[in-house]
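Input: a single structure, listed below in structure tokens.
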Amino acid sequence: MKKKLCRLCNHPLEVMVADLGMSPLSNAYIRPENLQSKENFYPLHVYICENCYLMQLEEFESPDQIFNEQYAYFSSYSNTWLKHSEDYANMMINKFGINKNSKVIELASNDGYLLQFFAKKDIPVLGIEPSANVADIAMSKGIPTLVEFFGKETAKRISKIGNKADLIAANNVLAHVPDLNDFVAGIKIILKSQGVVTIEFPHLLNLMKYNQFDTIYHEHFSYFSLYAVKKNVENHGLKVFDVEELPTHGGSLRIYLCHDNDSSKPVTSNVNNLLDKEDQAGLRDLKTYIQFHENIKETKRRLLEFLIQAKREGKKVIGYGAPAKGNTLLNYCGIRSDFIDFTVDTIPYKQGLYLPGTHIPIKSPDVIQNEKPDYIIILPWNFKDEILQKISFAKDWGCRFFIPIPGLQEVFI
Ligand code: JHZ
């Protein structure tokens with residue numbers, strides 16, 4: 001058997017952190033006419049590199065099989081996320097003087113959810129997005145978008161035609177990149193000499209601390225600490241000059257990068273403070289990862305216990321949301337429509353489809369009123385507050401609301 005190697009530093013990958021069984025691709029929602037066809041399942045085994053501490057999965061499906069014209073994730077369907085993006089745009093404009101003479105490039109620009117806030121202020125933007133269907137939406141909003149994967153090759157091509165950036169944003173994309181070295185090398189190429197890069201990613205510290213194991217799926221090749229990302233970008237002539245902790249996606253980091261020779265941007269104390277915090281949380285101690293596996297198994301036992309009891313009592317249980325993370329949870333726990341009748345999602349593209357592996361139907365949230373469920377399990381727990389507002393009407397018939405992560409718990413409005 002071929003030896004597994006760390007995708008960042010090539011060290012042999014020998015420590016498996018968690019075994020989440022076999023799972024289909026999390027965004028491979030199923031059309032009704034394909035329900036009887038075979039589905040591909042792949043091992044969902046998580047490894048930690050003992051050298052650079054990058055947590056990672058092996059690559060079973062290449063990115064072009066995942067991010068294509070059928071990609072089901074549209075960033076603009078959450079008000080929370082749109083607000084986060086608008087606040088970011090305003091902050092960058094003020095903090096770094098981004099203006100009509102600047103160029104903002106977003107890597108994995110999705111449906112234009114972020115660049116629209118720069119474009120509205122007449123700031124030139126360019127999106128790079130490999131999924132044609134979501135890129136089309138961005139273009140229909142007037143956001144120029146290149147439909148391709150980003151890496152060294154694309155970077156060379158676009159910098160040749162004068163497309164270097166004053167600001168590069170890369171939100172929730174790093175995890176989706178199998179060749180991290182190629183991606184970061186590309187960033188170095190398109191960044192102007194005084195330019196700034198911000199990268200947001202869910203923080204490994206929170207994934208471990210709050211048991212967010214459902215965010216592990218094949219589309220996410222890696223799970224990042226500041227320690228691992230810092231090493232990576234430094235190898236490519238970039239420096240992390242600041243870092244912020246954000247509440248998004250269960251707790252993310254936003255790191256600020258510039259060229260390593262850009263002396264106009266001194267490194268703030270936030271960087272070392274965060275590295276210390278990671279150390280104290282045991283991110284470079286293998287024992288932390290063993291405990292994580294135990295927590296995952298206990299979450300499964302508790303959730304199943306709750307559902308078995310609910311079904312014995314004849315309760316109608318539905319899901320809210322059809323996020324990719326829900327598919328890891330449901331497949332790992334073996335929860336199908338025997339436990340959860342159906343789920344609902346506001347993204348029209350997902351309505352009428354079925355969840356991969358578990359074949360739970362996805363409906364429009366409009367059906368909740370008629371179906372009058374007893375319990376609703378909110379699968380995108382990261383949007384709990386926004387969703388609770390939307391379903392508060394179900395309290396009229398005594399419906400109760402739950403989130404599955406960090407462990408099953410009832411939530412209240
Ligand atoms: P959401 C995504 O993961 C995709 P997912 C991606 N792989 C990534 O990296 C992470 O985010 C960070 C629905 N919804 O965003 C919309 C409602 O129905 O938590 C979505 O289907 N009503 C790129 O897919 C889902 O829930 C609502 O009011 O796990 C949310 O999915 C809201 C707010 C959402 O991420």
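The values are calculated or read from the model by the stated rules, or taken from the named source; none is laboratory data. These numbers come from a predicted model, not from an experiment. Cβ atoms come from the backbone with ideal geometry, glycine included; neighbour counts cover every protein chain shown. Accessible surface areas use protein heavy atoms only, side chains included; no ligands, DNA or RNA. Shrake-Rupley method; radii C 1.70, N 1.55, O 1.52, S 1.80 Å.
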Region 109-230: C-alpha gyration tensor shape, a/c 1.5 cut-off, then a/b vs b/c
prolate
Note to self, the chain gives a 222 nm [θ] from helices alone (DSSP H runs n ≥ 4, -39500 (n - 2.57) apiece, / all residues, nearest 500) of -9500 deg cm²/dmol
How much of the accessible area of region 151-221, in percent, comes from carbon and sulfur atoms when a 1.4 Å probe is used?
53 percent
Heavy-atom accessible area per residue of the chain, all protein chains kept, 1.4 Å probe, expressed in Å², is 42 Å²
Cα-based Kirkwood hydrodynamic radius, region 75-286, one decimal, Å:
17.5 Å
Can you compute the charge dipole magnitude of the chain about its Cα centre, using +1 on each Lys and Arg Cβ and -1 on each Asp and Glu Cβ, nothing else charged? Give it in debye, rounded to the nearest 20.
240 debye
What is the antiparallel percent of DSSP beta bridges lying wholly in region 1-143, to the nearest 5?
70 percent
Checking the cross-link filter: which lysines have an alpha carbon closer than 20 Å to that of Lys141, excluding same-chain neighbours under 8 positions apart?
Lys83, Lys100, Lys103, Lys120, Lys121
May I ask for the Rg/Rh ratio of region 287-411, computed from Cα atoms with Rh as the Kirkwood radius, given to two decimals?
0.96
Output the antiparallel fraction of DSSP beta bridges having both residues in the chain, as a percent to the nearest 5.
55 percent
Calculated FRET value between Ile161 and Asn101, using beta carbons and R₀ = 25 Å, to 0.05:
0.90
How charged is the neighbourhood of Asn172? Take every other residue with its Cβ under 13 Å from the Cβ of Asn172, and add Lys/Arg as +1 and Asp/Glu as -1.
-2
Region 231-300: D in µm²/s via Stokes-Einstein (Kirkwood Rh, Cα pairs, 20 °C, 1.002 mPa s)?
150 µm²/s
Can you pull the Kirkwood radius for the chain, inverse mean 1/r over Cα pairs, to one decimal in Å?
22.2 Å
Tally the DSSP beta bridges in region 75-286 and give the antiparallel ones as a percent, rounded to 5.
45 percent
